[in-house]
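Input: a single structure, listed below in structure tokens.
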Amino acid sequence: MLMSRTLFGVILLLGSISSNLVAGAASPEQTYVRPLNEDCVARELGNSLGPDGSLFPTPFVMDGDDSTRDGFKTTVNTAVGFTVTYYDTYKVVDNTISGQTYVLYVCGSDKPSVGAPGVSEDAKFFQIPLTSVSVAETVPYAFLEALGVDDRVHDVSPFVTSACGQKRVNECGKSAPAYVDFASNSLNQTVVKNAKANVDSIIVSSGEDDSVFLSFDAEDDPGVLNRAEWIKYLGLFFNKEKYASDIYNGIVESYEETAKAAAEKGESKPRIAWVSHFVYGDDEHYDVSLAAYKKQYIDDANGQNVDIDEILKEYPGARVSAFSPTTVEFAWDGNDSFETKEEAQKAFVEFMSSLDGVIDETFAMDPMAYGVEEFKKEFGLTNADAKTLSWLEPGLIFRLDGELSETKGLDWFETAFTRPDLVLKDVDRVVDSSRQGSVRDSDDVVWMRSIAETPRINTANDCTRVSACDDKATTICPFVASCEDGGTRLLKEDSFDSGVCDYQTCIQQVDEPADTAQMAAPAVILLTLLIVFVEALINFC
């Protein structure tokens, strides 16, 4: 057994190298070899097909908004940014945001050839489930945790806010390197080469061409539920897309329940805006953000958004940001702006006086020390200004720093992408408080604290998922297993996420034609004797 596994490992390595040459992947070459383990289909099964004609049986494929079956392939469309097409022995994932295509085949089965249906020359190949991934950014790590495959993370961004992510970095030394040399704005090939010896994928939010990079672009997919749906995208690379679909469906149901309850709270719609004071070097201005996802949250919480055209018309010195078409700046740099800071500040206070509550996104070096007085200072509010803001005294100022890492990083920029239903609950509290004129008590606030509340801090000590740095990854069972008679059987659906591979009972094949012949033999003999007897009787007569 040891000999055969070693030999197969060499074959996998040679196949990996040859595939990089065929696909034209950038050097340095991949040197990490995926281990043969319980994740893989048995070699005797190879490319044998499951009971429904596929290594990806129907009970385990991804849910989608649109699914079409065309002969040997099934295409599933979901969020705007990706689709998947299932073939009998592999699946092809198209990331329409990064423009990259991934061919995923189960370890133990044969690698598809370039030119096979759906397999283009520029496609990247991954054996799945992935076993060792480098997560260079924090958002995809949150999705991996939600998917339950963070035990396959080799290293993670040192800026991670998750308790277990912090434990991996601080206690296990699993801090992801910087793959981009910012001085040259290009990949650091030495760092990439070192990573390729330890991981089968590096997850980033940009479409790097190198074969080891996997592009994850949830942040660029419009709509809060669209972004959450990218858990299915990552699920495809771990053969957990059905599990991911179930998670997503639960999030959608929870989101819709909150939106429905908010809509029933009356016709009064408080006017809410996302505001901030931006300072970077000599660049300074007061901002109003009207990003589509922020407006969606306010709408679904039964609040009223501000209007960008209305702001520009009402305040002639305001302008649309050159960096974001959904941000209005109250600036004073002489470039289509107010003439002085005092004029800009006065106009911004006047704008804020039209609101019923604010969500303050101003950066704070120490969020723990940011309170009402700090808010007043940031926006230059005088006592006279304060009297024009009806929401100031009751503290209807809400911050996004309700949950922090030990280094004061905001979990809002990490985990909030995975749970829009919980974000909507937070926003519902903002809107509801602004409607009633006082901060509503709540025990389930995650990210949006009122300015009088103290942020919570996550530390590595809060992690319960990681018991030791060398924890073994939970097995992800193949969907199909072989039977002694050469047939196949399906994984039991209730055992899929347990890590224990429990399959349906093999059905013994019955040789029906042979049994039928045996049963028919006596009747044939009897009929023959009857014919002989009749002929003899006729001759006698």
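The values are calculated or read from the model by the stated rules, or taken from the named source; none is laboratory data. Everything numeric here is computed off the predicted structure, so don't read it as measured data. Reconstructed Cβ throughout: ideal geometry from the backbone, glycine too, with neighbour counts over all protein chains shown. To get the accessible areas, we keep the full protein, side chains included, count just its heavy atoms, and leave off ligands, DNA and RNA. Shrake-Rupley method; radii C 1.70, N 1.55, O 1.52, S 1.80 Å.
For region 188-228, just say rounded, prolate or oblate: build the C-alpha gyration tensor, square-root its eigenvalues into a ≥ b ≥ c, call rounded for a/c under 1.5, and beyond that prolate if a/b exceeds b/c, oblate if not. It comes out prolate by the Cα gyration axes. In terms of the mean number of neighbouring beta-carbon atoms within 10 Å, the peptides 154-161, 365-372 order highest first as 154-161, 365-372. With both labels modelled 7 Å from their Cα along Cα-to-Cβ, the E393 to E453 distance reads 2.4 nm.
Compute the accessible area per residue over region 366-414, keeping the other protein chains in place, probe 1.4 Å, unit Å².
47 Å²
Normalised Debye scattering of region 339-433 at q = 0.11, 0.12, 0.16, 0.17 Å⁻¹ gives log10 I(q)/I(0) of -0.39, -0.46, -0.78, -0.86, counting only Cα atoms as equal scatterers and leaving out solvent. Neighbours of T474, meaning other residues whose beta-carbon lies under 12 angstrom from its beta-carbon, give a summed charge of -2 when Lys and Arg score +1 and Asp and Glu score -1.
Take the Cβ-Cβ distance between D494 and E343 as r, set R0 to 51 Å, and report the resulting FRET efficiency rounded to the nearest 0.05.
Values: r = 66 Å, r/R0 = 1.30.
With R0 = 51 Å, the Cβ-Cβ based efficiency is 0.15.
Treating only the Cβ atoms of Lys and Arg (+1) and Asp and Glu (-1) as charged, compute the dipole magnitude of region 299-359 about its Cα centre; round to the nearest 20 debye.
160 debye
Each of V80 and V372 was given a label point 7 Å from its Cα along the Cα-to-Cβ line. The distance between the two points is 4.1 nm.
With a Förster radius of 56 Å applied to the C-beta separation of A384 and D246, the computed FRET efficiency comes to 0.50.
Excluding ligands, DNA and RNA, what is the solvent-accessible area per residue of region 211-322 at a probe of 1.4 Å, expressed in Å²? Mind showing how you got there, number by number?
Numbers: 4510 Å² over 112 residues.
Ligands and nucleic acids excluded, the figure is 40 Å² per residue.
Only Cα pairs under 8 Å and 6+ residues apart enter the sum, and on that basis the relative contact order of region 352-406 stands at 60 percent.
In a DSSP loop and with at most 16 other Cβ atoms within 10 Å, the trypsin sites (Lys or Arg not before Pro) in region 261-363 are K265. Normalised by the number of residues in region 103-244, the average gap of Cα pairs under 8 Å and 6 or more apart makes the relative contact order 23 percent. Remark: the Cα gyration tensor places region 300-373 in the oblate category, a/c being 1.5 or greater and a/b not exceeding b/c. Using a 1.4 Å probe on the protein chains only, how many percent of the accessible area of region 182-289 belongs to carbon and sulfur? Whole-percent figure for carbon plus sulfur exposure: 46. Within straight-line reach of K265, meaning a Cα separation under 21 Å, sit the following lysines at least 8 residues removed in sequence or on another chain: K294, K295, K425.
Let's test the formula: R0 of 56 Å, r as the Cβ-Cβ distance of S353 and S120. What FRET efficiency results, to the nearest 0.05? About 0.45, to the nearest 0.05.
Cα gyration tensor of region 435-490, axes a ≥ b ≥ c as square roots of the eigenvalues: rounded (a/c below 1.5), prolate (a/b > b/c) or oblate? Because a/c hits 1.5 or more and a/b fails to exceed b/c, region 435-490 counts as oblate. Modelled this way, with points 7 Å down the Cα-to-C-beta line, the labels at E256 and S186 are 5.1 nm from one another.
Counted residue by residue at 0.36 nm each, then reduced by the alpha carbon distance between them, the extension gain from D283 to S321 reaches 12.5 nm.
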